[in-house]
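Encoded as C-alpha coordinates, the structure appears first; notes follow it.
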Amino acid sequence: METYSWTLRPATPDDVEPIAELRAVVMRPDLERLGRFDERRVRQRFRDAFVAAHLSVIETEGRFAGCVALRPAEDGHWLEHFFIDPGMQGRGLGSAVLRTLLARTDAAGVTVRLDVLQGSAARRLYERHGFTVESEDAVDVFMVRR
(Lines give C-alpha, C1' and ligand atoms only; values in the text may rest on other atoms or scores of the structure.)
Protein backbone atom coordinates (compact mmCIF):
# COMPACT_ATOMS: atom_id res chain seq x y z
CA MET A 1 0.00 0.00 0.00
CA GLU A 2 1.44 3.34 -1.05
CA THR A 3 1.16 6.24 1.30
CA TYR A 4 1.44 9.88 0.50
CA SER A 5 2.52 12.83 2.51
CA TRP A 6 -0.68 14.76 3.02
CA THR A 7 -2.00 17.81 4.77
CA LEU A 8 -5.37 19.19 5.80
CA ARG A 9 -6.11 22.83 5.17
CA PRO A 10 -9.26 24.82 5.90
CA ALA A 11 -11.69 24.94 2.99
CA THR A 12 -12.46 28.24 1.28
CA PRO A 13 -15.34 29.28 -0.98
CA ASP A 14 -13.04 28.57 -3.96
CA ASP A 15 -13.13 24.89 -3.03
CA VAL A 16 -16.90 24.49 -3.51
CA GLU A 17 -16.89 23.56 -7.20
CA PRO A 18 -13.91 21.16 -7.16
CA ILE A 19 -15.46 19.38 -4.15
CA ALA A 20 -18.94 19.29 -5.71
CA GLU A 21 -17.39 17.69 -8.79
CA LEU A 22 -15.41 15.16 -6.74
CA ARG A 23 -18.58 14.28 -4.80
CA ALA A 24 -20.41 13.57 -8.07
CA VAL A 25 -17.61 11.30 -9.32
CA VAL A 26 -17.14 9.42 -6.03
CA MET A 27 -20.82 8.92 -5.22
CA ARG A 28 -22.05 8.14 -8.74
CA PRO A 29 -21.57 4.32 -8.70
CA ASP A 30 -23.40 3.89 -5.37
CA LEU A 31 -26.14 6.35 -6.26
CA GLU A 32 -26.68 4.71 -9.65
CA ARG A 33 -26.84 1.26 -8.02
CA LEU A 34 -29.50 2.63 -5.64
CA GLY A 35 -31.38 4.30 -8.52
CA ARG A 36 -30.82 7.74 -7.00
CA PHE A 37 -28.18 9.41 -9.19
CA ASP A 38 -29.16 12.85 -10.46
CA GLU A 39 -26.43 14.71 -12.36
CA ARG A 40 -27.50 18.13 -11.06
CA ARG A 41 -28.72 17.25 -7.58
CA VAL A 42 -25.54 15.37 -6.59
CA ARG A 43 -23.58 18.62 -6.95
CA GLN A 44 -26.27 21.01 -5.70
CA ARG A 45 -26.78 19.13 -2.43
CA PHE A 46 -23.13 19.75 -1.61
CA ARG A 47 -23.28 23.43 -2.61
CA ASP A 48 -26.36 23.89 -0.41
CA ALA A 49 -24.70 22.17 2.58
CA PHE A 50 -21.26 23.81 2.24
CA VAL A 51 -19.98 25.33 5.50
CA ALA A 52 -16.29 26.19 5.15
CA ALA A 53 -15.79 26.34 8.93
CA HIS A 54 -16.22 22.57 9.32
CA LEU A 55 -14.62 21.40 6.08
CA SER A 56 -10.98 20.57 5.40
CA VAL A 57 -9.32 19.99 2.05
CA ILE A 58 -6.94 17.06 1.81
CA GLU A 59 -3.84 17.80 -0.25
CA THR A 60 -1.06 15.45 -1.30
CA GLU A 61 2.11 16.91 -2.69
CA GLY A 62 0.33 20.27 -2.98
CA ARG A 63 -2.54 18.86 -5.06
CA PHE A 64 -6.24 18.60 -4.24
CA ALA A 65 -6.85 14.99 -3.18
CA GLY A 66 -10.16 15.15 -1.34
CA CYS A 67 -12.03 16.62 1.59
CA VAL A 68 -13.57 15.79 4.93
CA ALA A 69 -15.80 17.60 7.42
CA LEU A 70 -16.26 17.15 11.15
CA ARG A 71 -19.43 19.01 12.06
CA PRO A 72 -20.19 19.62 15.73
CA ALA A 73 -23.62 18.41 16.86
CA GLU A 74 -25.29 18.34 20.26
CA ASP A 75 -24.29 14.71 20.86
CA GLY A 76 -20.81 14.67 19.34
CA HIS A 77 -19.57 15.26 15.80
CA TRP A 78 -20.75 14.18 12.34
CA LEU A 79 -18.13 12.99 9.88
CA GLU A 80 -19.35 14.25 6.51
CA HIS A 81 -18.22 14.96 2.95
CA PHE A 82 -15.34 12.47 3.19
CA PHE A 83 -14.28 12.07 -0.42
CA ILE A 84 -10.93 10.90 -1.78
CA ASP A 85 -9.98 11.34 -5.43
CA PRO A 86 -10.56 7.93 -7.10
CA GLY A 87 -6.98 7.94 -8.39
CA MET A 88 -5.76 8.04 -4.79
CA GLN A 89 -8.18 5.52 -3.27
CA GLY A 90 -6.96 2.16 -2.01
CA ARG A 91 -3.53 3.46 -1.03
CA GLY A 92 -4.05 4.26 2.63
CA LEU A 93 -4.82 7.97 2.33
CA GLY A 94 -8.40 7.70 3.61
CA SER A 95 -7.29 5.54 6.54
CA ALA A 96 -4.49 7.96 7.43
CA VAL A 97 -6.85 10.96 7.39
CA LEU A 98 -9.50 9.09 9.36
CA ARG A 99 -6.97 7.91 11.99
CA THR A 100 -5.81 11.52 12.48
CA LEU A 101 -9.35 12.89 12.89
CA LEU A 102 -10.40 10.08 15.23
CA ALA A 103 -7.31 10.59 17.40
CA ARG A 104 -8.54 14.17 17.93
CA THR A 105 -12.12 13.18 18.73
CA ASP A 106 -10.96 10.34 21.01
CA ALA A 107 -8.68 12.74 22.91
CA ALA A 108 -11.68 15.03 23.39
CA GLY A 109 -13.95 12.12 24.36
CA VAL A 110 -16.34 12.92 21.51
CA THR A 111 -18.76 10.50 19.86
CA VAL A 112 -18.59 10.53 16.05
CA ARG A 113 -21.49 9.65 13.76
CA LEU A 114 -21.73 9.33 10.00
CA ASP A 115 -23.96 7.94 7.34
CA VAL A 116 -22.88 5.93 4.35
CA LEU A 117 -24.90 4.70 1.39
CA GLN A 118 -26.14 1.09 1.49
CA GLY A 119 -23.62 -1.17 -0.22
CA SER A 120 -20.83 1.43 -0.28
CA ALA A 121 -17.26 0.12 -0.01
CA ALA A 122 -16.60 3.01 2.40
CA ARG A 123 -18.57 1.14 5.07
CA ARG A 124 -15.69 -1.36 5.44
CA LEU A 125 -13.25 1.50 6.05
CA TYR A 126 -15.46 2.85 8.83
CA GLU A 127 -15.94 -0.59 10.40
CA ARG A 128 -12.15 -1.12 10.47
CA HIS A 129 -11.92 2.13 12.46
CA GLY A 130 -14.45 1.10 15.10
CA PHE A 131 -17.75 2.41 13.73
CA THR A 132 -20.81 0.24 14.30
CA VAL A 133 -24.28 0.39 12.76
CA GLU A 134 -26.73 2.49 14.75
CA SER A 135 -29.64 2.27 12.28
CA GLU A 136 -30.28 1.86 8.58
CA ASP A 137 -32.93 2.27 5.93
CA ALA A 138 -33.19 1.39 2.24
CA VAL A 139 -30.63 4.05 1.26
CA ASP A 140 -28.47 4.98 4.27
CA VAL A 141 -26.54 3.20 6.99
CA PHE A 142 -26.06 5.36 10.09
CA MET A 143 -22.92 4.49 12.04
CA VAL A 144 -21.47 5.60 15.36
CA ARG A 145 -18.10 5.46 17.13
CA ARG A 146 -18.26 6.26 20.83
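The values are calculated or read from the model by the stated rules, or taken from the named source; none is laboratory data. The structure displayed is predicted, hence computed values, not measured ones. As a convention, Cβ positions derive from the backbone with ideal geometry for all residues, glycine included, and neighbour counts pool all protein chains shown. Just the protein is used for accessible areas: all its heavy atoms, side chains included, with ligands, DNA and RNA removed. Shrake-Rupley method; radii C 1.70, N 1.55, O 1.52, S 1.80 Å.
Helix by helix, which DSSP H runs in the chain go 15 Å or more along their axis at the Cα atoms and have an average Kyte-Doolittle hydropathy of -1.0 or more?
16-33, 93-107
At 1.4 Å probe size, with the rest of the protein present, what percent of the exposed accessible area of the chain is carbon and sulfur atoms? Mind showing how you got there, number by number?
Values: 3850 of 7920 Å².
Its accessible area is 49 percent carbon and sulfur atoms.
If you count only protein heavy atoms with a 1.4 Å probe, what accessible area per residue comes out for segment 67-108, rounded to a whole Å²?
Computed with neighbouring chains in place, this is 46 Å² per residue.
Apply 1/(1 + (r/R0)^6) to the Cβ-Cβ distance of V25 and D48, taking R0 = 25 Å, and write down the FRET efficiency to the nearest 0.05.
E(calc), rounded to 0.05, equals 0.85.
Taking 0.36 nm per intervening residue step and subtracting the Cα-Cα distance, what contour gain separates F37 from R99 on full extension?
19.3 nm
Can you give me the orientation-averaged projected area of the convex hull built on the Cα atoms of the chain, in nm²?
So the mean shadow area of the Cα hull is 8.7 nm².
Just want to confirm a number: the relative contact order over the chain, from Cα pairs under 8 angstrom separated by 6+ residues, in percent. Don't skip to the end; give the middle numbers.
Working: 202 pairs, mean separation 31.4, N = 146.
Value for the chain: 21 percent.
So which trypsin sites (Lys or Arg not before Pro) in segment 39-140 end up in coil per DSSP with only 16 or fewer other C-beta atoms within 10 Å?
Those that pass, being in a loop and sparsely packed, are R40, R91.
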